[in-house]
Amino acid sequence: MQCIVLFGIQGSGKGTQAKRLSEALGYSHINMGDLLRDHVARNTKLGSKVEDIISVGALVDDHVIFDLLESILQDHVDGIIFDGFPRTIVQADYLVHYFEVQEVYFLDLSEEEAIKRISSRRVCPECAANYNIFSKKPKVDGVCDVCGTQLEMRADDTPEAIHRRFEQYFEQTHQLIDYFEDLGLLYKVNAARSEQEIFEDIRDHLSKKGY
Ligand SMILES: [Zn+2]
């Protein structure tokens, strides 16, 4: 089965691009975390396995992930957009072996830009509505449109917390980036642009490759 992989740190717009691409190409959008949670919610055989693993605080291991991928392979879809998967080289090997990887897009964002984007987010502690002080302002500064509560910044959206996530992220992903680069399957996308510009860049690149 054909697939496209998207990598990108929080704030890079990875999820949004994955969604738009899946709609444009008629592919399924697979976010592994969401898929695992869905299996748990539906109480499937896999779901109960995942629940057991999570309840003892362990990471979901590759076997479970491979079972999931096998079930995806049986779906009757034109292709898959993987959002934030694979996470390890073992998973990447599996993916390359069983799927036809069309391209891997790395949405490249500087730490400075990520901090700017993430630290401009605000959330309502009461109803969980999301805002952004640049791009999605509330009608009254600092007040929730829905319920009138004072907006807050998430505790993990501080520059220090973002810096820590950045370091962790690159520690986890630089090997994967190298892996796909060696296979000639990596395209770096400048993610410090608008959603539309990033989307067009990816589409242009895909059509140049004949997809
Ligand atoms: Zn609210």
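For (1) assigned by TED's automatic domain parsing to the domain that holds Gly8; (2) surrounded by 14 or more Cβ atoms within 10 Å (Cβ to Cβ); (3) small (Gly, Ala, Ser), each residue gets a yes or a no:
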| position | (1), (2), (3) |
| --- | --- |
| Leu151 | no, yes, no |
| Gln168 | yes, no, no |
| Glu171 | yes, no, no |
| Glu181 | yes, yes, no |
| Lys188 | yes, no, no |
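When we screen Val60, Val40, Val104 for residues that are without any contact (Cβ under 8 Å) to a residue 24 or more places away in the chain and surrounded by 15 or more Cβ atoms within 10 Å (Cβ to Cβ), the only hit is Val40.
Give me the strands (runs of 3 or more DSSP E) completely within the range 95-163, filtered to those with at least 3 residues that are within 16 Å of the ligand (Cβ to nearest atom), ordered by residue number.
Values: elements: 100-108, 121-123, 130-132.
Strands (runs of 3 or more DSSP E) meeting the threshold: 121-123, 130-132.
Any chance the range 174-187 includes a residue that's assigned to a strand (DSSP E or B) and not aliphatic (A, V, I, L, M)? There is at least one residue in the range 174-187 that is assigned to a strand (DSSP E or B) and not aliphatic (A, V, I, L, M).
All of (1) at pLDDT 90 or above; (2) over 27 Å from Ile198 (Cα atoms) hold for Ile65 with one exception: (1).
May I ask you to verify whether Phe85 is modelled with pLDDT of 85 or more, over 30 Å from Ser194 (Cβ atoms) and either within 19 Å of the chain's Cα centre (by Cα) or not in a helix (DSSP H, G or I) (or both)? When the stated conditions are applied, Phe85 does not pass them.
Filtering Ala155, Ala161, Ala114 for residues that are free of Cβ contacts under 8 Å to residues at least 12 places away in the same chain and within 20 Å of the chain's Cα centre (by Cα) leaves a single hit, Ala161. The set of residues from the range 1-16 being under 14 Å from Lys188 (Cα atoms) and not in a loop (DSSP other than H, G, I, E, B) comprises Ile4, Val5, Leu6, Phe7, Gly8, Lys14.
The values are calculated or read from the model by the stated rules, or taken from the named source; none is laboratory data. Every value quoted in this text rests on a predicted model; they were computed, and no experiment measured them. Heads up, the Cβs are rebuilt from the backbone with ideal geometry, glycines too, and the neighbour counts pull from every protein chain shown.
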